[in-house]
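Let me begin by presenting the structure, written as structure tokens, before commenting on it.
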């Protein structure tokens with residue numbers, strides 16, 4: 001979003017995949033995340049995972065791998081392998097800087113994106129809490145030419161949850177067919 005706001009002429013199409021709109025002053029809240037987590041109450045791992053997730057979101061508990069299933073639409077071998085490799089792929093220092101105080105100017109970003117004329121796709125996972133589909137929809141509203149899609153049964157990593165649905169939707173958008 002920030003790149004599109006700062007360099008609109010360099011962006012022909014913009015696909016925002018499960019992107020939390022911090023730059024618009026719209027963070028994913030604990031309420032969004034807990035509401036999405038409650039959608040999973042029939043999952044076998046839920047009884048152990050939910051209290052730890054709730055404590056982490058309330059600031060009374062630490063991050064616990066037991067609640068990693070909440071970030072995925074399906075907690076299967078593919079999701080477990082992805083979760084196992086994620087720590088090696090994350091740059092914590094960069095993450096801290098990315099979200100640091102003063103990193104965003106939401107009014108300026110909103111104003112710039114209101115003038116952004118390239119097509120935009122905002123895609124949310126139905127079971128994602130960060131961003132929840134309702135928050136992703138609000139992010140899409142910041143763009144004059146945005147489409148919005150919710151991938152059924154998907155979490156924060158929709159390309160893992162239903163690769164065919166995801167590839168078809170994003171390919172159609174990028175090729176101008178949808």
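The values are calculated or read from the model by the stated rules, or taken from the named source; none is laboratory data. Every value quoted in this text rests on a predicted model; they were computed, and no experiment measured them. Note that we place each Cβ from the backbone using ideal geometry, even for glycine, and neighbour counts take in every protein chain shown.
Do we find a residue being surrounded by 14 or more Cβ atoms within 10 Å (Cβ to Cβ) and farther than 28 Å from residue 9 by Cβ anywhere in region 113-121? Among the residues of region 113-121, not one is surrounded by 14 or more Cβ atoms within 10 Å (Cβ to Cβ) and farther than 28 Å from residue 9 by Cβ, which makes the answer no. Do the conditions hold for residue 41, that is, is it assigned to a helix (DSSP H, G or I), more than 30 Å from residue 107 (Cα to Cα) and free of Cβ contacts under 8 Å to residues at least 24 places away in the same chain? No, not satisfied.
So the check is Cβ under 9 Å with 6+ separation or different chains; which pairs have a first residue in region 82-99 that's at pLDDT 85 or above and a second one that's part of a helix (DSSP H, G or I) and surrounded by 10 or more Cβ atoms within 10 Å (Cβ to Cβ)? If the second residue must be part of a helix (DSSP H, G or I) and surrounded by 10 or more Cβ atoms within 10 Å (Cβ to Cβ), the pairs left are 82/160; 83/65; 83/68; 83/69; 83/71; 86/68.
Within region 160-178, residues that are within 16 Å of residue 79 (Cβ to Cβ) have Cβ atoms under 7 Å from residues that are assigned to a helix (DSSP H, G or I) and modelled with pLDDT of 95 or more in these pairs: 160/78; 160/79; 160/82; 166/158; 166/159, counting only partners at least 6 apart in sequence or on another chain. Evaluate the following for residue 20: is it touching a residue at least 60 places away in the same chain (Cβ under 8 Å) and assigned to a loop (DSSP other than H, G, I, E, B)? Spelling it out, residue 20 is indeed touching a residue at least 60 places away in the same chain (Cβ under 8 Å) and assigned to a loop (DSSP other than H, G, I, E, B). Please indicate, with yes or no, whether at least one residue in region 5-13 is without any contact (Cβ under 8 Å) to a residue 60 or more places away in the chain, assigned to a loop (DSSP other than H, G, I, E, B) and surrounded by 17 or more Cβ atoms within 10 Å (Cβ to Cβ). So far as region 5-13 goes, no, none of its residues is without any contact (Cβ under 8 Å) to a residue 60 or more places away in the chain, assigned to a loop (DSSP other than H, G, I, E, B) and surrounded by 17 or more Cβ atoms within 10 Å (Cβ to Cβ).
Looking only at residues in region 128-178 that are in contact with a helix residue (DSSP H, G or I) (Cβ under 7 Å, 6 or more places away or on another chain) and loosely packed, with under 15 Cβ neighbours inside 10 Å, the one that is nearest to residue 37 (Cα to Cα) is 153. Filtered by the rule that a residue be surrounded by fewer than 21 Cβ atoms within 10 Å (Cβ to Cβ), in a helix (DSSP H, G or I) and touching a helix residue (DSSP H, G or I) at 6+ places or on another chain (Cβ under 8 Å), region 99-112 gives 106, 108, 110, 112. Evaluate region 44-62: report whether one residue or more is in a loop (DSSP other than H, G, I, E, B), surrounded by 14 or more Cβ atoms within 10 Å (Cβ to Cβ), over 18 Å from the mean Cα position of the chain (by Cα) and free of Cβ contacts under 8 Å to residues at least 40 places away in the same chain. For region 44-62, residues in a loop (DSSP other than H, G, I, E, B), surrounded by 14 or more Cβ atoms within 10 Å (Cβ to Cβ), over 18 Å from the mean Cα position of the chain (by Cα) and free of Cβ contacts under 8 Å to residues at least 40 places away in the same chain: present. Considering only region 114-126, I want to know if a residue exists there that is free of Cβ contacts under 8 Å to residues at least 24 places away in the same chain and part of a helix (DSSP H, G or I). For region 114-126, residues free of Cβ contacts under 8 Å to residues at least 24 places away in the same chain and part of a helix (DSSP H, G or I): absent.
Note on region 23-35: residues that are closer than 16 Å to residue 139 by Cβ, out of contact with any helix residue (DSSP H, G or I) (no Cβ under 7 Å at 6 or more places or on another chain) and assigned to a helix (DSSP H, G or I) total 0.
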